[in-house]
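Here the structure is laid out as structure tokens; the discussion comes afterwards.
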Amino acid sequence: MAVAIVATTQDTYPPRVALAVTGLTVGNVVSVYRVVGGTATVIRDANSITVADTAISALDAELSFGVPLAYRVDVGGVTTAWSSSITVTLTNGKVALSDAITGLSAEVVIVAWSTMTRRRDATVYQVGSRYITVSSPMSQFTAEMTILVETLTALYSLRALLAGTTSGIVQIRQSGAYGDVDGYVTVLSATESRVSQDGSDPRRQIVLSIVENAAWASTFITFGWSYASLELAYDGLTYADLEADYATYLDLAVADLGV
């Protein structure tokens, strides 16, 4: 049986892709990559893992939206399978702030983000008529980004995300292929402003003080569904109902249970 990979888009917010790899041999060392425009990024749940079964599942919760992408399977460092090309859409044209590990997210509009400041540590010595500079590489950017949330639900989701984000990191993703927007930041502060001072308008503008960061450490695994999700999806039903929907554990592992 040849190695194969199937990518299925889940209807969560933000959307994510469930990956099912089959045709493996026990003991294979397997990596799965997301490939966008020729650039390959290893998937968090499938980074050089030694498989104990002939099939594995993974969840990609960090993909870019609005651009064609495909998934590649490497076995022992050799490319053995590709998924079909897909384009995942982020609806409403807004921006998703999210934590791929916990699943926390918020839907926002970027109102202003005009500047990004990069600095370097440097010491300047004047020797006669010359300046001697000792400096470090340029830093990642710092910025202030103003966002808008349009409902109290979105506001509460944003507060929960900022309070509970893993390692303080938030991923920013927009709905189209706009360069220099998507990325990972640490939010240092959030200042909220009411649009209506009497509280009659639920909209809020929030100024986020952010610092560019790397993604979460590879040891963190993306959260999928839990037994609580399964219990909610099959409330009052039996294992026979579950079996009718998902013939194998792999099918269940990549199922969309509304989480």
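Only one of (1) without any contact (Cβ under 8 Å) to a residue 40 or more places away in the chain; (2) surrounded by fewer than 18 Cβ atoms within 10 Å (Cβ to Cβ); (3) under 21 Å from the mean Cα position of the chain (by Cα) is not met by V134, so which one is it? Of (1) without any contact (Cβ under 8 Å) to a residue 40 or more places away in the chain; (2) surrounded by fewer than 18 Cβ atoms within 10 Å (Cβ to Cβ); (3) under 21 Å from the mean Cα position of the chain (by Cα), only one is false for V134: (3). Candidates in the stretch 50-80 are the residues that are among the acidic types (D, E) and not in a loop (DSSP other than H, G, I, E, B); of these, the one that is nearest to S175 (Cα to Cα) is D60.
For the stretch 37-47, does any single residue satisfy the condition of being in a loop (DSSP other than H, G, I, E, B), outside the structural domain of G168 (by TED's automatic domain parsing) and on the phi > 0 side of the Ramachandran plot?
Yes: the stretch 37-47 contains one or more residues that are in a loop (DSSP other than H, G, I, E, B), outside the structural domain of G168 (by TED's automatic domain parsing) and on the phi > 0 side of the Ramachandran plot.
Reported count of residues in the stretch 143-196, each being in contact with a helix residue (DSSP H, G or I) (Cβ under 7 Å, 6 or more places away or on another chain), surrounded by fewer than 19 Cβ atoms within 10 Å (Cβ to Cβ) and at pLDDT 95 or above, is 2. With respect to A100, determine if the residue is closer than 20 Å to A215 by Cα and either in the same structural domain as S175 (by TED's automatic domain parsing) or in a loop (DSSP other than H, G, I, E, B) (or both). The answer is yes for A100.
The values are calculated or read from the model by the stated rules, or taken from the named source; none is laboratory data. All values reported here derive from a predicted model rather than from experimental measurement. Methodologically, a virtual Cβ is constructed for each residue, glycine included, from the backbone with ideal geometry; neighbour enumeration extends over all protein chains shown.
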